[in-house]
Amino acid sequence: MGGEEVGRSARPMPTSTLCGCLRVACVMLIVCGADCETALAQSDDVAALFEPSTVVSVGALGGVGPRFQGARRAGLWGLPYLSFRRADEAPEWWSPDDGLDATLIGEAGAQAGAVLDFRDGRSTRDAHRLVGLPGLPLTVGVGVFGEVWPVANTVRLRAEVTQGLRAHDGLLAKIAVDLVARTGRFTLSVGPRLVLGDAASMRLDFDVPFAASVANPMLTPYRATPGLRSVGASGSLAYDWSEAWQTIAYARYDRLVAAAAASPIVRRFGTENQVSFGLGAIYAFRTAGI
C-alpha cells in the first residue's frame, strides 16, 4: 500500500534476525521523528503517526535468494514492511528493495531522509564449503536516501548511501531507476540497479586472507578494491484486492562485476549471477490516534 512512508521494506534477510533488526529500526524512527518535528513539518513526517485516522500499513515478504554475497546456492529470506501516512494522502509507490526509511524533508515529488538497510552475512552453515574464511554476521547499515519523480507517478530516481554499524562493515551506495505503470488494480515496475562499495565493504565480502588460502588450497590470497560492485535490474507486480489488502511479487537480478566478480570466493564457490524472488502481503488500517 505504500503511502507517504516513514518505514518501508528492506533488503532481504533471514527471518531469524528480524526481531533484533526491527528493534534497531524502531529506535532510528523515533530519532528521525524528533528531527522532523523540530525541523520541517512536512506532510509526510513522523507526526502523521500521532494524528487521528492515520493509515498504517504492515506486512511481510519472503522468498529465496543467494545465501551470501556471490553464493551459487540459494536460501530462504524474509523481510518486514511498515509504513504510515495521513488519511487525506494518497498511497505512494515503493519498491521491495528500498531500505527502511524515514522522510525528513521534501514532498511526494522529491524527498530525502534517513534510511536503514539489512546486509547479508555468511553463516557457519557455509563453512564446509568456505573452509578458512571467517563467518560474517548479518548486520545493518544506517545512512541517508534521496529520491525524485521526474515524471510524476511514472519514473522514480532513488539513491541510498549507508554505513555499516561496525566500522569495518564499510560504506555502500545504491542507485535505482524505476518505471512504474498502473493498470486497474495492478501496478507493474521495472528498472536498473547499481551498487558501489568502499574498500572496507568490498574487503569484508570478497577478500581472501593469506591464512585462509593456507587452510583452503582452492583459495588464493585476494584483496578486493573499492568501486563498482554490481549492476542489475529489479521488478515487481502488485495487486490491490481492496483498500486494505495488497499482494506483491518481486524479482531482482544482480551481476557482480569488477573486483567482486574476480574474487576467488565467487569464482571457486559461487557465481556472478545473483537472483532473488519473493512474494508478500500488506494490510492497511486506520488508527484512532496515539
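Every number here is computed from the coordinates shown, using simple stated rules; none is lab data. What you see is a predicted model; the values in this text were computed from it and never measured. All Cβ positions, even for glycine, are placed from backbone atoms using ideal geometry, and neighbour counts span all protein chains on display.
General remarks:
- Amide H contacts of residue 119: 139, 140, 141, each under 5 Å away and 5 or more positions distant or on a separate chain (H built 1.01 Å from N in the peptide plane; Pro and chain starts excluded).
- Backbone geometry of segment 143-155 corresponds, through the Karplus equation with coefficients 6.51, -1.76 and 1.60 at θ = phi - 60°, to 3J(HN,Hα) couplings of x, 10, 9, x, 8, 9, 10, x, 10, 3, 6, 10, 10 Hz, x marking Gly and Pro.
- Segment 160-201: relative contact order in percent, alpha carbon pairs under 8 Å with at least 6 residues between: 41
- Phi to ³J(HN,Hα) by Karplus 6.51 cos²θ - 1.76 cosθ + 1.60 over segment 205-211, Hz, x for Gly, Pro: 8, 10, 5, 10, x, 4, 4
- Distant-in-sequence amide H partners of residue 207 (H built 1.01 Å from N, under 5 Å): 224
- In order through segment 227-236: 3J(HN,Hα) via Karplus (6.51 cos²θ - 1.76 cosθ + 1.60), integer Hz, x for Gly, Pro: x, 5, 10, 7, 10, x, 8, 9, x, 8
- As a length-normalised measure over Cα pairs under 8 Å and 6 or more apart, the relative contact order of segment 148-287 settles at 18 percent.
- Burial order of peptide ranges 147-153, 232-238 (average beta-carbon count within 10 Å, highest first): 232-238, 147-153
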